[in-house]
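Down below is the structure, laid out as structure tokens.
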Amino acid sequence: MSTDLSIDQIIAAVQDLDGSLVVAPAVGDADFPELAWGDAFFYYAPDGQLPRTVQPYGTVVTKNYPDDTGSDLDPAGRWRVNVHVGRAAYRELTGGDGGAEHDGTGAAAIDPATPDVVLPHPVYGSAGWIAVVNPGPATAGTVLRLLRAAHEAARARFERRR
């Protein structure tokens, strides 16, 4: 495997997890808003049905969203994986408390468009989300580990609700 991580490799890794559901609306998919076309959303759903009362634990976005342009995802070949890691892991990974205004060292914030760096999610960092633009050699293993951990946390929440 290349040290760069592709969208297809991330989706395949998540699909291999027991009870996973990957929702990847394609162009023209009338069941989803056009803005979601081309992106992927990861859920724990052992019945294979899209959960209606929980958020995904991970996503891949392939374009800027109206309230989320800092990662500069509109140019061809740019995309971002987002993972809900929880607040404790978020602090360990970023050195912060959920805001994207710092880099954890007191220095100026790292540009959220920087590829292959674990960063606070530019919108949902305060909720314990991290983001990686174009995961590569520095972050590929971390991204896969974090997705597995997020899947396990989603499974545990599902089991508690039952």
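Summary of computed values
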{"item": "Filter result for the condition that a residue is over 14 Å from ASP68 (Cβ atoms) and modelled with pLDDT under 90, over ALA100, ALA108", "result": "ALA108"}
{"item": "Elements of type strands (runs of 3 or more DSSP E) in segment 38-97, at least 2 residues being more than 13 Å from VAL132 (Cα to Cα)", "result": "40-44"}
{"item": "Every residue from segment 25-59 that is free of Cβ contacts under 8 Å to residues at least 40 places away in the same chain, surrounded by fewer than 17 Cβ atoms within 10 Å (Cβ to Cβ) and aliphatic (A, V, I, L, M)", "result": "ALA26, VAL27, ALA30, LEU35, LEU50"}
{"item": "Condition check for ARG91: under 23 Å from ASP116 (Cβ atoms), among the basic types (Lys, Arg) and either touching a residue at least 60 places away in the same chain (Cβ under 8 Å) or buried (at least 16 other Cβ atoms within 10 Å of the Cβ) (or both)", "result": "no"}
{"item": "Leading residue by the ranking (nearest to VAL23 (Cα to Cα)) among those in segment 60-76 that are among the small types (Gly, Ala, Ser) and surrounded by fewer than 21 Cβ atoms within 10 Å (Cβ to Cβ)", "result": "ALA76"}
{"item": "Scope segment 105-162; condition of a type in the set (Val, Ile, Thr), surrounded by fewer than 21 Cβ atoms within 10 Å (Cβ to Cβ) and under 26 Å from ASP18 (Cβ atoms); matching residues", "result": "VAL118, THR142"}
{"item": "Residues that are of a type outside the set (Gly, Ala, Ser), in contact with a His (Cβ under 9 Å, 6 or more places away or on another chain) and either more than 21 Å from ALA131 (Cβ to Cβ) or in a loop (DSSP other than H, G, I, E, B) (or both), drawn from segment 1-37", "result": "LEU17, ASP18"}
{"item": "Residue match in segment 32-46 (condition: of a type in the set (A, V, I, L, M, F, W, C), touching a Leu at 6+ places or on another chain (Cβ under 6 Å) and modelled with pLDDT of 95 or more)", "result": "yes"}
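The values are calculated or read from the model by the stated rules, or taken from the named source; none is laboratory data. No experiment lies behind these values; they were computed from the predicted model shown. Glycine gets a Cβ as well: all are built from the backbone with ideal geometry, and neighbour counts include every protein chain shown.
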